[in-house]
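Following: one structure in C-alpha cells, then a few remarks.
The values are calculated or read from the model by the stated rules, or taken from the named source; none is laboratory data. Because the structure is predicted, anything quoted here is derived from the model rather than measured. Because the Cβ atoms are built from the backbone with ideal geometry, glycine has one as well, and the counts that use them run over all protein chains shown. For the accessible areas, the whole protein counts, side chains as well, though only heavy atoms, and no ligand, DNA or RNA atoms are used. Shrake-Rupley method; radii C 1.70, N 1.55, O 1.52, S 1.80 Å.
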2 protein chains.
Amino acid sequence: MKRVNVNLGSRSYPIFIGAGISVRTGRIVAGLDIGTDAYVITNPLIQKKYGAALAASLRKAGLSVRFKNIADTEQSKSLSTAAAVLKDLAAFDKRKHIFIVALGGGVVGDLAGFVAAVYKRGIPYIQMPTTLLAQVDSSIGGKTAVDLPEGKNLVGAFYQPRAVITDVALLKSLHARQLRQGLAEVIKYGLIRDRQLFSYIENNMRRILSHDQAALTHIVERCSRIKAGIVSRDEREKKSLRTLLNFGHTIGHAIEAACDYCDYGHGEAVALGMLVAADISRQMRMLGEKAQERITRLIKAAGLPIKLRGVSLQKIISIHYRDKKFMAGKNRFVLLQAIGKAKVVSNVSLLIIQQAIKGSGTFNC
Amino acid sequence: MKRVNVNLGSRSYPIFIGAGISVRTGRIVAGLDIGTDAYVITNPLIQKKYGAALAASLRKAGLSVRFKNIADTEQSKSLSTAAAVLKDLAAFDKRKHIFIVALGGGVVGDLAGFVAAVYKRGIPYIQMPTTLLAQVDSSIGGKTAVDLPEGKNLVGAFYQPRAVITDVALLKSLHARQLRQGLAEVIKYGLIRDRQLFSYIENNMRRILSHDQAALTHIVERCSRIKAGIVSRDEREKKSLRTLLNFGHTIGHAIEAACDYCDYGHGEAVALGMLVAADISRQMRMLGEKAQERITRLIKAAGLPIKLRGVSLQKIISIHYRDKKFMAGKNRFVLLQAIGKAKVVSNVSLLIIQQAIKGSGTFNC
C-alpha cells in the first residue's frame, strides 16, 4: 500500500493507494478516530458490486453502516439531491458520531463532499473513488460541489476529506470508455507537470487499457502525488498553481455544457479541450508542432476523441465566457510551454481561441 | 462611528457601529474592494423602509445594485429558499465581480451568509443587521445556516463576512417585542462575560426600550466587542469559549422547536432558556439565590417571559437530546458561576434539568 500526503496543517490527510486495499477500509477509518457511524453515499450499481465487502470491513472494525444511494447521473449533482441526502442523514444521525464515506465516481464524491461540508457546518468524510477519473482527480483536494441549471459546480465548498482510500482493483469493473475518461486526466498530469508520466503512458497504453494492476497503481500514484503537491501549496486556487489543473477544462467544460452533458463524457470533453489548448499554445508560439502532434497521437491512442462533432461553435464560445475561471472580463487559459510544463496566460485573443476550436472539429454553425 | 475588529488573520474584518451610519455603506464597501455588483438579500418590509437609501449609497459609490427579497419568516431559512436565491444569483452574475449584502435580521443574515459561502465556493458578503438580535449576535462570527425539518441550523458553514455595518438607527422601526427579543441576547452577554453591562441594562431599561440612540449604541458596541473577542479566539467552537455564547440556547432551541417556532420568538425562548440554566446553576450550587432573583427580575423588566406555557415538557426534553451541542451521548450546558461569569459543564443530571424546566413553567403533560 502506497501512501501520499496532502499537507494542509491541521487539515492534512493521507491518500492510500493499492490494488485490493479497500478490504482494509474499516481498520483505516477506525484508526482515524472520526466517528462510529458510517453513512456511505454511493449509487445502486456500486453498492451491488462493492457494498457488502465494504460494510463487512467497516462492521468488523466496530462501526455501524448505512447506505444512501443516489442515481448514477450528473443530474444527481443537484441541490435537490443534496437536500434529500441531508434530510436522510439528519434522520439517521442519532448517536451524533457520524461520518460520511463517498463510495463512487466524481458525482458521488462531489455531492457527498458537499453534504459533509454543510451538514452541521462540517462533519468528517472519506473518499473512496471507484473510477479512474475520481482516483486521480476529484477525490483529492476538497473541491466539493453541485451544479445549477446555470452552470456546473456553481454551488460548493472547499472542504477536505480525512482520508482518500484508492483501490485500483475497483477499476476492473469499469467499461473501456469509463477508463478512457480517466485516462484523459492522467494525460493532463503528464502534460502540465510530468513528462516521464507522459512517456510512461505512451509506452504502456496496452497494459493500462487492459487494467494491469501494477500499471494502474503506477499512474494513479504518480497523479496523486502531483495533485497532492499542488493542493498542499495552493488549496484554494489563490495562486495560479492550482489553476494549472484546469488545463483542458476551460473549453472542456464549455463543450460539456454546449451539448447538455450528453454527447461527450467529462474526460472526452477534457481531451478535446486539451487539444484546443495545445493548439492555442502552438498558435502563440509557446509549443512546437512536434509536441502538439505527440499529444494528439497519445489522445488518439487512448481511444479519446480528437475531433469535435455536433456542437455549436457559438454556444461553446458564449458558455466559455461564463466560466468561473473567467475573472472580471479577462479570459484565462492554461497553456503549454512543453510536454510537462504549463503556465497560466490571460487575455488570449478571441480569434486565436476560435481558430483553435474550429481547427479541432466540424461545426453545425 | 465606532469600530470593533474581529481578528482572524487573513479573514479579519471590521464591525462599524453607530446611529445613522448606513448612509455611508457605499463608501465603506467600495473601500473594501470586494466587487462592483451588490446583490442585496432582504425582505419586502426592510426593502421598503431602507432599500432606496441603501441603493442610493451603493450607486453613488459606483456599484451596481440588485435586490432579492425573501419572505420574512423562519421558513425562508430553508434549502429550497437557498436554492431559489442561488439560481437568481447565478442568472444575475454576468460581470463576475459580485458580492452579497445581507440587509435584515437573523433569517436574512443566516441565509445570505450561507448563499455567499457556497456560491462558487465562497464570494464576499457584508452583514447589515436591522434587528437588535442580529446586531449583537448573528451578524458577527460567520455562523451561517439554514434549517432542516429535523432541526434548526443543521445545514450551514463557518464563513466570515468582509464587514458588518451596524446602524442602530435602523432599530427605530422595530416593534417593542422585536426589540425585547434582542434584549434577551444583550442580557446574555452581561450574564456570561460582563457584569457592568448587566448593571447598565438594569439602570437604563427605560432608555433602551424607548430606542435611545446613545443607550442602544452603548449596548450594541459592548456586545459586539464581547462577541468579536470570543470569535477571534475560538472561531469554530473548538474550545469551549465560543460555546459560552450558547448560554440559554440549549433549552431555548428545544422550546422553539417544541412549539414549532410559533409561540415564542428566539429571544423569548432564550430568555426562558437562561432562566432554566440559571436554575440548574443554582441547584448545582454554582450560583446564589440572590443572583438568580436578579436575573429573573431583569428578564421580567425587559418584558420577556419568565414562565413557560403551553409546551410539552417531554417534547422539550426529547428535542434537547438531538441538539448539536449534545456530543456523543453527553449533554453540555453553559452554566453561571456569577453574573458575568459562565462555564461549560458536561453530564448534568436529567433530574436537575427536568426540575429546572418544571420550575420554570406550567405544562400540558
- Task: Go ahead and set up a Gaussian network model of chain B, Cα springs under 10 Å, then flag whichever of B:153, B:331, B:347 fluctuates most.
- Result: B:347
- For the pair residue A:92 and residue B:53, how long in nm is the line joining their label points, each one 7 Å along Cα→Cβ? 5.0 nm
- Message: Going by amide H atoms built from the backbone, whose H comes under 5 Å of the H on residue A:148, apart from near neighbours?
- Response: A:153, A:154, A:155
- By the gyration tensor of its Cα atoms, with a ≥ b ≥ c the square roots of the eigenvalues, what is the shape of the stretch A:117-176: rounded for a/c under 1.5, prolate for a/b over b/c, or oblate? oblate
- To the nearest 20 debye, what charge dipole does the stretch B:182-313 have about its Cα centre, counting +1 at the Cβ of each Lys and Arg and -1 at the Cβ of each Asp and Glu? 500 debye
- Item | Global form of the stretch B:39-182, assessed from the alpha-carbon gyration tensor, a/c cut-off 1.5 | oblate
- Query: How well do other chains shield peptide A:53-63, expressed as the mean number of their Cβ atoms within 10 Å of each residue Cβ?
  - Reply: 0
- Theoretical FRET efficiency, 1/(1+(r/R0)^6), r = Cβ-Cβ of residue B:289 and residue B:346, R0 35 Å, to 0.05: 0.90
- Each residue of the stretch B:224-236 in turn: what ³J(HN,Hα) in whole Hz from Karplus with 6.51, -1.76, 1.60 and θ = phi - 60°, glycine and Pro shown as x? 4, 4, 5, 5, 4, x, 5, 5, 4, 9, 8, 4, 9
- Message: Run the helix sum for chain A: -39,500 (n - 2.57) per DSSP H stretch of 4+ residues, divided by residue count, reported at 222 nm to the nearest 500 deg cm²/dmol.
- Response: -13500 deg cm²/dmol
- Item | Cβ-based charge dipole, the stretch B:199-319, positive-most Cα from B:213, B:253, B:287 | B:287
- Task: Take peptide A:116-123, look around each residue's Cβ out to 10 angstrom, count Cβ atoms belonging to other protein chains, and average those counts.
- Result: 6
- The rounded separation in angstrom of the Cα centers of the stretch B:118-150 and the stretch B:182-199 is 22 Å
- Averaged over the residues of B:34-44, the number of partner chain Cβ atoms within 10 Å of each residue's own Cβ comes to 0
- Sites matching chymotrypsin sites (Phe, Trp or Tyr not before Pro) across the stretch A:245-297 that sit in DSSP coil, with at most 14 neighbouring C-beta atoms within 10 Å: none
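What is the extension gain from residue A:64 to residue A:175, computed as 0.36 nm multiplied by their sequence separation minus the C-alpha to C-alpha distance, in nm to one decimal?
Taking residue A:64 through residue A:175 to full extension adds about 36.8 nm, to one decimal.
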- Task: Could you run the Karplus curve 6.51 cos²θ - 1.76 cosθ + 1.60 with θ = phi - 60° over the stretch B:244-254 and give me ³J(HN,Hα) per residue in whole Hz, x for Gly and Pro?
- Result: 4, 5, 7, 3, x, 8, 4, 6, x, 4, 4
- Would you please put B:119-125, A:173-179, B:19-25 in order of how densely packed they are, using the mean number of other Cβ atoms within 10 angstrom per residue and starting with the highest? B:119-125, B:19-25, A:173-179
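In debye, nearest 20: dipole of chain A around its Cα centre with unit charges on the Cβ of K, R (+) and D, E (-)?
That gives chain A a dipole magnitude of about 720 debye.
Cα gyration tensor of the stretch B:1-107, axes a ≥ b ≥ c as square roots of the eigenvalues: rounded (a/c below 1.5), prolate (a/b > b/c) or oblate?
Rounded, since a/c falls under 1.5.
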- Note on the structure: For the stretch A:129-174 the residues that are at least 40 Å² less accessible with all protein chains than alone, 1.4 Å probe, are A:148, A:150, A:154, A:156
- Query: Nm distances between the label at residue B:2 and the same-position labels in the remaining copies, 7 Å along Cα→Cβ, shortest first?
  - Reply: 5.9
- Message: Interface size between chain B and chain A, please: total buried accessible area, 1.4 Å probe, rounded to the nearest 100 Å².
- Response: 2700 Å²
- Shortest first and in nm to one decimal, what separations exist between residue A:346 and its copies in the other chains, measuring from label points 7 Å along the Cα-to-beta-carbon line? 5.1
- Task: Looking at chain B, send over the antiparallel percent of its DSSP beta bridges, to the nearest 5.
- Result: 40 percent
- Taking amide H positions as placed 1.01 Å from N in the peptide plane, with prolines and chain starts having none, which residues 5 or more places from residue A:159, or on another chain, fall under 5 Å of its amide H? A:143, A:144
- Item | Cβ crowding within 10 Å averaged over residues, with A:53-62, B:248-257 ranked highest first | B:248-257, A:53-62
- Query: Taking the label point 7 Å from Cα in the Cβ direction, how far apart in nm is residue B:195 from each other copy of itself, listed shortest first?
  - Reply: 7.5
- On the accessible surface of chain B, probed at 1.4 Å with all protein chains in place, carbon and sulfur together account for a percent value of 49 percent
- Sequence neighbours fewer than 8 away in the same chain don't count; with that in mind, list the aspartates and glutamates whose C-alpha is under 13 Å from residue B:227. B:137, B:185, B:194, B:235, B:237
- Task: Only Lys, Arg, Asp and Glu count, each charged at its Cβ (+1, +1, -1, -1), so figure out the dipole size of the protein assembly as shown about its Cα centre, rounded to 20 debye.
- Result: 1380 debye
- For the protein assembly as shown (alpha-carbon point model, no solvent) the Debye-based log₁₀ I(q)/I(0) at q = 0.05, 0.06, 0.07, 0.09 Å⁻¹ works out to -0.28, -0.40, -0.53, -0.84
- Message: As an exercise, use a Förster radius of 45 Å and the Cβ-Cβ distance of residue B:5 and residue A:2 to find the FRET efficiency, rounded to the nearest 0.05.
- Response: 0.45
- Residue-wise, which Karplus ³J(HN,Hα) couplings in Hz belong to the stretch A:48-63, taking 6.51 cos²θ - 1.76 cosθ + 1.60, θ = phi - 60°, and x for glycine or proline? 4, 6, 10, x, 4, 5, 5, 4, 4, 5, 5, 5, 4, 8, x, 9
- Å² of accessible area per residue within chain B, as computed with a 1.4 Å probe and no ligands counted: 38 Å²
